[in-house]
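Just so you know, all these numbers are worked out from the coordinates, no wet-lab data involved. Nothing here was measured: the structure is a model prediction, and the numbers come from that model.
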Amino acid sequence: MVKQPVSVNGVVRWRDAGVAGSTKLEQKERTMVVLRHEIGDVLRDVRQRQGRTLREVSHNARVSLGYLSEVERGQKEASSELLSSICAALDVPLSVMLREVSDRVAVAEGITIPDTVPQEFAQRYGRGLPNDLDAQLSTLS
């Protein structure tokens with residue numbers, strides 16, 4: 001199996017690129033997106049970027065350690081209330097987490113979606129690219 005890097009919002013993930021001679025059925029199965037897997041991956045990535053443990057986040061979210069682990073591994077379908085609680089424990093707005101999930105699903109489906117996050121929202125939650133570009137453009141003038 002060949003893997004290729006896919007970068008979404010600055011996080012590099014390795015995705016199966018397939019092998020020569022794979023059938024159409026295998027390709028169709030490979031592109032099926034399971035939402036609970038993507039949500040779990042995003043939650044784990046956010047937690048790991050913050051350098052926090054499952055135990056710490058589960059305590060702050062008031063969710064059992066085992067259940068949070070299953071959510072992160074995509075084995076459990078989390079309710080909206082549970083997702084909200086986990087996001088609050090991670091100090092990340094639910095909308096930001098869902099946006100990253102949406103971006104990953106789009107990549108998995110082969111869809112390119114332009115970044116439409118408002119500039120002030122992007123600045124507050126770590127996407128300062130518009131400011132960086134504005135600064136670079138102003139030095140050229």
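Laid out as a table, the results:
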item: Quotient of Cα Rg and 2.2 N^0.38 Å for region 61-115, N being how many residues it contains; result: 1.27
item: Amide H within-cut-off set for R52, under 5 Å, with H built and near neighbours excluded; result: none
item: Gain on full stretching of the segment that runs from E56 to E109 - 0.36 nm per residue minus C-alpha separation; result: 15.7 nm
